[in-house]
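The values are calculated or read from the model by the stated rules, or taken from the named source; none is laboratory data. These numbers were taken from a predicted model, which means no experiment stands behind them. Cβ placement follows ideal geometry from the backbone for every residue including glycine, while neighbour counts extend to all protein chains displayed. The area values use the complete protein model at the heavy-atom level, side chains included, leaving out ligands, DNA and RNA. Shrake-Rupley method; radii C 1.70, N 1.55, O 1.52, S 1.80 Å.
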Amino acid sequence: HDGDAIVLLASSGVHTNGLTLCRALAQRLPDGYRTTMPGGRSFGEALLDPSVIYVRFIAACQDNGIPLRYAIHLTGHGWRKLMRLVEPFVYVIDRLPETPEVFQFLLASGPIEPREAYATFNMGCGFAVIVRPDDAERCVQAAGACGYRAWVGGRVRKDKDRKAVELRPLGLTFETETLQVR
């Protein structure tokens, strides 16, 4: 609904999205998957980080009577995945997570432009839910109580039949047509 809050949950790993792009990069790196990232871990180790499962968070929301209007993993189509809801909305993101090292490494070692990275990868945010504004802080608290890092990252806006994701801190916008499978 127009004006609803977008609560984002952090993730530090690649999950299962964009692994084809990661494999292509590994083939170009001097030591492939063994290439050391600035923090000391190898690129291959970072790709093996386990995916975060958000079941405890959903259960905590149910237990606390927080109605979720929409819930989505940010995998496969990265941040564009927010647009999978049938009804047309603009998802305005004002607060992005800090970019985890593996994604910083992908951007630096590319050539992967930020637009492609956010269209493909979760870039540090693995899950999003849409809630009424009055439920946003309770939702963030429920996530924290079960071990997830969460924050209110933006809001939903109705703009006629437009469907888009606006990543305002980056000046990036993804319109409906960018969801087409390549």
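When DSSP beta bridges are limited to those with both residues in the chain, what percentage is antiparallel, rounded to the nearest 5?
Beta bridges within the chain, antiparallel portion: roughly 85 percent.
Simple spin-label model, 7 Å along Cα-to-Cβ: R41 to A108 in nm?
With each label point 7 Å from Cα toward Cβ, the separation is 1.5 nm.
Using θ = phi - 60° and the Karplus form 6.51 cos²θ - 1.76 cosθ + 1.60, what ³J(HN,Hα) does each residue of region 114-127 get, whole Hz, x for Gly and Pro?
Karplus-based 3J(HN,Hα) across region 114-127 equals x, 4, 5, 4, 6, 7, 10, 9, 6, 6, x, 10, x, 7 Hz.
Round to the nearest 10 and report in Å² the accessible area of D49, as given by a 1.4 Å probe over the protein chains' heavy atoms.
So the heavy atoms of D49 present about 40 Å² to solvent.
Would you work out if the chain is rounded, prolate or oblate? Take a ≥ b ≥ c from the square roots of the eigenvalues of the alpha-carbon gyration tensor; rounded if a/c is under 1.5, else prolate when a/b is larger than b/c, oblate otherwise.
Oblate, since a/c reaches 1.5 and b/c is not below a/b.
Hey, got the dipole for the chain? About the Cα centre, +1 on K and R Cβ, -1 on D and E Cβ, debye to the nearest 20?
Roughly 220 debye for the chain.
Order H73, H15, H1 by their accessible area, 1.4 angstrom probe, all chains in place, largest first.
H1, H73, H15
Between A59 and L19, how high is the FRET efficiency from 1/(1 + (r/R0)^6) when r is the Cβ-Cβ distance and R₀ = 30 Å? Nearest 0.05.
Step by step, r from the Cβ atoms, then E = 0.55.
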